[in-house]
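K.L.:
Sharing a structure here in structure tokens format.
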Amino acid sequence: MALLAFRFHYGWVVLLTGFLGVMGALGFGRFAYTPILPSMKEALSLTYAQMGWIGTGNFVGYLTFSLIGGYLATRLGPRRVISISLVLVGLSLIFTGWANSFAMALVMRTLTGIGSAGSNVPIMALASAWFASRRRGLATGVLVSGSSIALLILGPLVPYILKIFPDGGWRVSWYLLGTITLGIALLNYFFLRNRPEEKGLNPIGGTQAPLWPGQFSWKEVYTSVHLWHLAGIFFTFGFSYIIFMQFFSAYLINEAGLSPERAGNLLMLLGILSIFCGPFWGAVSDFIGRKYGLALVLLAQGICYLVFGLIKSEFGYLLSTILFGLTAWSVPSIISAAVGDALGPTLAPAGLGFTILIFGIGQALAPPIAGKIADFSGSFTPAFVLAAFLAFSGMAGALLWRMPAAKF
């Protein structure tokens, strides 16, 4: 009977629906840019710096709405905010496919970033409401693995579409992904619930539902030393990983000389390997602690960036793909769980929105800097070395973080 209750707790429905939401919001909304980028660059005659600015537009949109999205989710409820935001993601992806200039592509990608923040932040915070601390890392890990499934789909799908439609395949790709995301928005609207009490349940792994006061205090978020520390660690991840992910295909195709199909296969491998990295490392952090889980993940990623930029061979590209795939979305899952531990489920959406704001600053700064480095030096190698330095800095910060005395 206990196993049956475990299987049919509505929290697992919320988790699966949120997983699909992350797949649309981040997997399609952000990471589709990576495999589509080379064809889009050629069709619109973009420079590497313009490619970086389009990526930055997405992150600026994400950054500006991360705080607002978390606040709205706290006040209005996550379900409503998530559903509307996913509709925005779907529509902006479709309109990205209609872009005929750098300016239009920049505007549409910025709107995608706004929708991604408005959906992803509340989705991740839902884990703090539906799962107690001892299972929270696992739950947030399952949510972030939605991006892995998206990469698994995008790896073979986008090259296939580009091959079938050689003149406009990148546009068809955006149309298709936008339409799928609109469908995901409907699923989130019908199946998400804001908290366990709506179903007469307690959180999974907990014995009682948390209190949900009507008052919201920004001071409780902004004055939390633990939250600021987590945000700093998240910044280093945002700055470093986006250099690797955004220029992954462009580097392999334009600098390393790999075919689009081979680059797509490596991206698909990354997606396959990363499917379970979120749940795995989230569960590891439940067991050994958030700080040690974060440190191990950032160590592996720093090595990954060094190998990718310095060992220019099939072995190097494969090894770095494996290293990143095994750890890809682990930092967001552990950070999300740690925010819930530090602030509790009531303030988790706003707290997570704040850490994502700082994370987003790192993401916004990195692409144009990396693009400028590539344009100036003629190689992405210095940019990947810079990414490694940031990752190792984040590892050191993680080891210095202390869990708050009161754990929710």
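The values are calculated or read from the model by the stated rules, or taken from the named source; none is laboratory data. Remember, it's a predicted structure, so these values are computed and weren't measured experimentally. Neighbour counts run over all protein chains shown; Cβ positions are idealised from the backbone, glycine included.
K.L.:
Please enumerate the residues belonging to region 370-384 that are surrounded by fewer than 16 Cβ atoms within 10 Å (Cβ to Cβ) and at negative phi. Before the answer, list the steps.
P.N.:
Filtering region 370-384 for residues surrounded by fewer than 16 Cβ atoms within 10 Å (Cβ to Cβ) gives 372, 375-379, 382.
If the condition is that a residue be surrounded by fewer than 16 Cβ atoms within 10 Å (Cβ to Cβ) and at negative phi, then K372, D375, F376, S377, S379, P382 are the ones that fit.
K.L.:
Output the residues belonging to region 145-195 that are among the polar types (S, T, N, Q) and either farther than 21 Å from T112 by Cα or surrounded by fewer than 20 Cβ atoms within 10 Å (Cβ to Cβ) (or both). So that I can check it myself, show each step before the final result.
P.N.:
Residues of region 145-195 that are among the polar types (S, T, N, Q), as a first pass: 145, 147-148, 173, 179, 181, 188, 194.
T179, N194, listed by residue number.
K.L.:
Also, I was wondering about something else. I need a count of the residues in region 127-184 that are of a type in the set (S, T, N, Q) and within 30 Å of A342 (Cα to Cα). Write out each step before concluding.
P.N.:
Keep residues of region 127-184 that are of a type in the set (S, T, N, Q), which gives 128, 133, 140, 145, 147-148, 173, 179, 181.
Adding the requirement that they be within 30 Å of A342 (Cα to Cα) leaves 128, 133, 140, 145, 147-148.
Matching residues across region 127-184 total 6.
K.L.:
Could you list all residues from region 314-372 that are of a type in the set (S, T, N, Q), closer than 21 Å to W401 by Cα and touching a Cys at 6+ places or on another chain (Cβ under 7 Å)?
P.N.:
To start, the set of residues in region 314-372 that are of a type in the set (S, T, N, Q) comprises 320-321, 327, 330, 333, 336, 346, 355, 363.
Narrowing further to those that are closer than 21 Å to W401 by Cα: 327, 330, 333, 336, 355.
If the condition is that a residue be of a type in the set (S, T, N, Q), closer than 21 Å to W401 by Cα and touching a Cys at 6+ places or on another chain (Cβ under 7 Å), then T327, S330 are the ones that fit.
K.L.:
Of everything in region 21-49, what is in contact (Cβ under 8 Å) with a residue 24 or more places away in the chain, of a type in the set (G, A, S) and either part of a helix (DSSP H, G or I) or surrounded by fewer than 21 Cβ atoms within 10 Å (Cβ to Cβ) (or both)? Give them in sequence order.
P.N.:
Restricting attention to region 21-49, the residues satisfying the condition of being in contact (Cβ under 8 Å) with a residue 24 or more places away in the chain are 21-41, 43-44, 46-49.
After this cut, where a residue has to be of a type in the set (G, A, S) as well, the list is 21, 24-25, 27, 29, 32, 39, 43, 49.
Matches in region 21-49: G21, G24, A25, G27, S39, A43, A49.
K.L.:
For G18, work out the one condition from (1) surrounded by 24 or more Cβ atoms within 10 Å (Cβ to Cβ); (2) within 24 Å of A103 (Cβ to Cβ); (3) modelled with pLDDT of 85 or more it doesn't fulfil.
P.N.:
(2)
K.L.:
I would also like to ask the following. Count, please, the residues in region 260-291 that happen to be more than 16 Å from I322 (Cβ to Cβ) and without any contact (Cβ under 8 Å) to a residue 60 or more places away in the chain.
P.N.:
Selection size over region 260-291: 2.
K.L.:
Name the residue that is surrounded by the fewest Cβ atoms within 10 Å (Cβ to Cβ), counting only residues in region 98-135 that are of a type in the set (V, I, T) and touching a Ser or Thr at 6+ places or on another chain (Cβ under 8 Å).
P.N.:
I114
K.L.:
Within region 347-360, can one find any residue that is more than 19 Å from the chain's Cα centre (by Cα), in contact (Cβ under 8 Å) with a residue 40 or more places away in the chain and buried (at least 21 other Cβ atoms within 10 Å of the Cβ)?
P.N.:
If we filter region 347-360 for residues that are more than 19 Å from the chain's Cα centre (by Cα), which is where we start, we get 347.
From what's left, in contact (Cβ under 8 Å) with a residue 40 or more places away in the chain: 347.
Cutting the leftovers down to buried (at least 21 other Cβ atoms within 10 Å of the Cβ) gives us 347.
Within region 347-360, one or more residues are more than 19 Å from the chain's Cα centre (by Cα), in contact (Cβ under 8 Å) with a residue 40 or more places away in the chain and buried (at least 21 other Cβ atoms within 10 Å of the Cβ).
K.L.:
Do we find a residue being over 20 Å from the mean Cα position of the chain (by Cα) and among the polar types (S, T, N, Q) anywhere in region 285-308?
P.N.:
Scanning region 285-308, I find no residue that is over 20 Å from the mean Cα position of the chain (by Cα) and among the polar types (S, T, N, Q), so the answer is no.
K.L.:
Could you say which residue among S147, S133, S119, S128 is small (G, A, S), in contact with a Phe, Trp or Tyr (Cβ under 8 Å, 6 or more places away or on another chain) and under 14 Å from L20 (Cβ atoms)?
P.N.:
On the way: S133 fails: under 14 Å from L20 (Cβ atoms); S119 fails: in contact with a Phe, Trp or Tyr (Cβ under 8 Å, 6 or more places away or on another chain); S128 fails: under 14 Å from L20 (Cβ atoms).
Within the list S147, S133, S119, S128, the selection yields S147.
K.L.:
Need a quick list: helices (runs of 4 or more DSSP H) entirely within region 95-195 having at least 2 residues that are among the β-branched types (V, I, T) and closer than 14 Å to P78 by Cβ.
P.N.:
Values: elements: 102-130, 133-144, 146-164, 169-191.
Passing ranges, in order: 102-130.
K.L.:
Pull out all pairs, ordered by first then second residue, where Cβ-Cβ is under 6 Å, the residues are six or more apart or on different chains, the first lies in region 4-16 and is within 15 Å of V142 (Cα to Cα), and the second is modelled with pLDDT under 75 and among the aromatic types (F, W, Y).
P.N.:
If the second residue must be modelled with pLDDT under 75 and among the aromatic types (F, W, Y), no pairs are left.
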